[in-house]
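The structure appears right after this line, and notes come after that.
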Amino acid sequence: MERVVLIKYGELTTKKGNRKFFIQTLYQNIKKKLNGLDVKISRDISRMYIEFLDDEMELVLKKLNQVFGIHTYQVAYKIDTDIEAIKELATDIMKEKVGTFKVETKRANKNFPIPSTEFSRQLGGLILKNNSNLKVDVHHPNTTLTVEILDRYTYLYTDIYYGLGGYPVGVQSKGMLMLSGGIDSPVAGYLALKRGVRIDAVYFEAIPHTSLEARNKVIELSRKLCQYTDTIKLHIVPFTNIQEAIYKECNPEYCITIMRRMMYRIMERLAKRNKGLVIINGESIGQVASQTLTSMSVINAVTNMPVIRPVACLDKLEIIDLAKKIDTYDISILPYEDCCTVFVPKHPVINPNLKECLLNEEKFDYEQMIEDTVNHVQTMIIQENNPEEFSNLL
């Protein structure tokens, strides 16, 4: 008998007119993720089917757990829709089970001659006859045997696994992720991917004040995020000259605010060059001085581009839990500082004044410096299992 993975779409089923596009995107993403494995993938409007080799099953399931857009999946036995064959298989599946059980029949094939509830009773009786270690409990069973009867084939399974949910990556346009070496921004990138947003990552470095080890942290964080998509472009911004000018010319209390405003200006230019429609970052309300509502408003004033903050309303412990779940936490806590932490003043302003920011910014020619900086951005092509390719794409 053959086993297949049944994938059910969940939220994708609410898309109505766009449903085919969402399913096609999910199909392509799964096809890329399972590339190199001996699988056959087919789909219809309500589910997807993956045929696999038995010795590759664990790897198939592991990779499916990295694909957004999957609500649930089951490893099911697939047989012809034949009453006696279904009864024999159901008995065989349940012969080693213990405790309580129930049978749930879903009869999509209305030409099947036995009603769902009656067929469940018949199967339950046969199972009890062949396994004295089982008892029926229709309310809180240890095991539920599900029988899905379709036109040509019937699928039987006992275990339901939950996928990542969300939307398939690629159903939305691109966003530009401000990826530092910290805990929050990789989680923000993960949550953006979960809503179907393709991402480019942007890392601001200030060598020699920041190290190559700090850059390598960001490369590895990007590679972790590649588990949930295929490729990420990592844009490395040489921020040293701008950052040194800020700390030389500006009021120390305002340095972080001015620095973030410069970053947003650069992000907007990079987004336009790379067809990004939004800026994404790991800001969490009130976590640091630059993330008070007043600070966010003043910093945001330099751009009309939407800024998405996926972790804005999560507390630090919630963010850490997610970071551990996606395996970025241990990388993020490596002791290499990025440019947001290396020059933190003793008393950064928490309620900055916009006029004061503008007065500080008049003290140096930031427009020309931004232009020079953007023209010297370098880009790395990051993939999950391949060495990065370094090129001057911008």
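The table below lists the values:
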quantity: When residues of region 152-178 are limited to those that are more than 22 Å from ILE23 (Cα to Cα) and part of a loop (DSSP other than H, G, I, E, B), the one modelled with the highest pLDDT; calculated: THR158
quantity: 1 or more residues among the basic types (Lys, Arg): qualifying helices (runs of 4 or more DSSP H) within region 328-377; calculated: 354-361
quantity: Residues satisfying the stated conditions in region 205-228, i.e. touching a residue at least 60 places away in the same chain (Cβ under 8 Å), over 18 Å from ILE333 (Cα atoms) and not in a helix (DSSP H, G or I); calculated: ALA206, HIS209
quantity: Spans of strands (runs of 3 or more DSSP E) in region 27-126 with at least 1 residues in contact with an Asp or Glu (Cβ under 6 Å, 6 or more places away or on another chain); calculated: 40-43, 72-80, 99-107
quantity: Matching entry among SER180, SER173 (being more than 14 Å from the chain's Cα centre (by Cα) and either surrounded by 17 or more Cβ atoms within 10 Å (Cβ to Cβ) or of a type in the set (Asp, Glu) (or both)); calculated: SER180
quantity: Members of region 148-165 that are of a type in the set (D, E, K, R) and either over 33 Å from the mean Cα position of the chain (by Cα) or under 15 Å from SER46 (Cα atoms) (or both); calculated: GLU148, ASP151, ARG152
quantity: Selection within region 11-49 - crowded, with 16+ Cβ neighbours inside 10 Å and of a type outside the set (A, V, I, L, M, F, W, C); calculated: THR25, TYR27, ASN29, LYS33, ARG43, ARG47, TYR49
quantity: Exclusive hit being touching a Gly at 6+ places or on another chain (Cβ under 8 Å), surrounded by fewer than 24 Cβ atoms within 10 Å (Cβ to Cβ) and either more than 19 Å from TYR27 (Cα to Cα) or charged (D, E, K, R) (or both), set ARG223, ARG195, ARG215; calculated: ARG195
quantity: Residue in region 4-25 that is of a type in the set (Asp, Glu) and part of a helix (DSSP H, G or I) present; calculated: yes
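The values are calculated or read from the model by the stated rules, or taken from the named source; none is laboratory data. Not measured: the values here are computed from a predicted model. Glycine gets a Cβ as well: all are built from the backbone with ideal geometry, and neighbour counts include every protein chain shown.
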